[in-house]
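Input: a single structure, listed below in structure tokens.
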Amino acid sequence: MKMKKNRFKVDFLNAKVCVESRSLLVAVFVLLVVIGFPRIYATEVPMAILLVPFYLMGFLRFQAKNLFFSLVFVTLFSCWLLGGVVAFLMGDGTIKDLAFHFIVSAKILLNVFFGYVVYVVVREQSAALLLWLLVQLLIICASMLSADIYSFLLGFISPRSADVFQHIFGLRAIGFGLFHVGGALTLVTATFYYLLIVQNSFSRMLLLLLILPISMAVARSAIIPYLVLGVLKQGVKSKIYLAISMLVMCVLSVLVNSGPLYEATEIFRNFLSRGSFHSASVDALASMYVLPDSLKVYVLGVGQYFDSGVSGLRYYMGTDVGYLRLLYYSGVGSVFVFMALNIFGLVGLMISHRYPGSYNIRAFALALVCIFLVVNFKGLQVMPIFGFVFYFYASAQKSNTCLQGD
């Protein structure tokens, strides 16, 4: 009888491990399909769309519990969307300008909905996020080494972007759906979100050391979120890892002489040779700060993201600065609505009353707001998906703490 009980216990434990392993693999699969919004191969359709029916009801119930966030978001989003349509109708833009306005709007909606999906998946399986990070790091490294792998991965990003990136193998790396500035921001914010929710010293050290050079191989702008999140993160160890990462980048800038890592270490190489951090892209950006010359443009915009006088997609007034692109399209009002739409939830976390553990929440929210505000001086970017993942996590933490206090 005792043997039967022991055998039953072993069988039960084996079944439990099998179920947990299967659940972990499913969670990793969901994260791979969602984060970065990889496309169905060679199309503009994100794979994540296929998951909407499985999470829609949960998302609606979750938003019903967070009614204030939902009402403010719907109000701001409506102002943003309709304001852009009015600016187009009153301005001199073409259909590609209106299409781009809808694309930016869709990105915000996707980040909110799938931010909830990522929050739920990682809440149940935090290890899935670590595995997703490791898989992406391996894929990015492979894209640096093999032109064939790089070309294959291009099929999972927007075809319009792939047309550009097919010519720059050896200059930038890409992941599965992760590329350019948006991909780098996602990679870094995902890493620090994982470090926020999981206290593991070994994974903390490993991730902080690996993520900087690899994310900067995707886009050098990755150093912005890395430094902001690293500096604001509580604890001396994090600062030590941050300093070590900077040292590693300086060493790599001397040792590496070609490829994406060579490009990634440009600012460190310039620091060692000239004593100042700067890059060619930042120098070029300085010439793009061209302000409007009439009050009408400041108030109403001209309804243009792109220059209609040339073939292709040349930015209007030759500027890639995020705030200026918004200003020229629909006026200064749209700039503030766009900012509010992306950061209002995080600002609410920053100014909320103190509670146990609130420092980490407030510091992370401040870091994300700073990152958003800074990167839009370089190019037009919406709040990364982990901005919304973090908001949903922080709101739940705050509610649970208040309930326990009561």
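The values are calculated or read from the model by the stated rules, or taken from the named source; none is laboratory data. In this text the structure is predicted, and so the values were computed from the model without any measurement. Ideal geometry is used to build each Cβ from the backbone, glycine not excepted, and the neighbour counts take in all protein chains shown.
Examine the range 235-247 for a residue that is of a type in the set (A, V, I, L, M, F, W, C), over 24 Å from residue 31 (Cα atoms) and touching a residue at least 60 places away in the same chain (Cβ under 8 Å), and state whether such a residue exists. No, every residue in the range 235-247 fails to be of a type in the set (A, V, I, L, M, F, W, C), over 24 Å from residue 31 (Cα atoms) and touching a residue at least 60 places away in the same chain (Cβ under 8 Å). Filtered by the rule that a residue be in contact (Cβ under 8 Å) with a residue 60 or more places away in the chain, outside any loop (DSSP other than H, G, I, E, B) and not aliphatic (A, V, I, L, M), the range 161-214 gives 172, 182, 183, 186, 189, 192, 193, 194, 203.
Scanning for something more than 22 Å from residue 182 (Cα to Cα), in contact (Cβ under 8 Å) with a residue 40 or more places away in the chain and assigned to a helix (DSSP H, G or I), does the range 94-113 turn up at least one residue? Within the range 94-113, not a single residue is more than 22 Å from residue 182 (Cα to Cα), in contact (Cβ under 8 Å) with a residue 40 or more places away in the chain and assigned to a helix (DSSP H, G or I). Under 7 Å between Cβ atoms, at least 6 apart or on separate chains: pull out the pairs that start in the range 128-145 with a residue that is within 13 Å of residue 207 (Cβ to Cβ) and assigned by TED's automatic domain parsing to the domain that holds residue 205 and end on any residue that is of a type in the set (Lys, Arg) and assigned to a helix (DSSP H, G or I). Correct list of pairs: empty, since none qualify. Report yes if residue 328 is in a helix (DSSP H, G or I), modelled with pLDDT of 85 or more and buried (at least 22 other Cβ atoms within 10 Å of the Cβ), otherwise no. Taking the combined requirement at face value, the residue satisfies it.
The single condition from (1) more than 15 Å from residue 174 (Cα to Cα); (2) under 19 Å from the mean Cα position of the chain (by Cα); (3) at pLDDT below 95; (4) not aromatic (Phe, Trp, Tyr) that residue 111 fails is (3). Outside any helix (DSSP H, G or I), assigned by TED's automatic domain parsing to the domain that holds residue 169 and exposed (fewer than 13 other Cβ atoms within 10 Å of the Cβ), is that true of residue 273? Considered against the rule, which asks whether it is outside any helix (DSSP H, G or I), assigned by TED's automatic domain parsing to the domain that holds residue 169 and exposed (fewer than 13 other Cβ atoms within 10 Å of the Cβ), residue 273 comes out as no.
Have a look at 88, 156 and point out the one that is crowded, with 19+ Cβ neighbours inside 10 Å, among the aromatic types (Phe, Trp, Tyr) and in contact with an Asp or Glu (Cβ under 8 Å, 6 or more places away or on another chain). When all the criteria are applied, what remains is 88. When residue 359 is tested against (1) touching a residue at least 24 places away in the same chain (Cβ under 8 Å); (2) touching a helix residue (DSSP H, G or I) at 6+ places or on another chain (Cβ under 6 Å), just one condition goes unmet, and that condition is (2).
Number of residues in the range 306-322 that are buried (at least 18 other Cβ atoms within 10 Å of the Cβ) and under 22 Å from the mean Cα position of the chain (by Cα) equals 2. Given the criteria more than 13 Å from residue 112 (Cα to Cα) and either among the basic types (Lys, Arg) or under 21 Å from the mean Cα position of the chain (by Cα) (or both), does residue 47 qualify? The answer is yes for residue 47.
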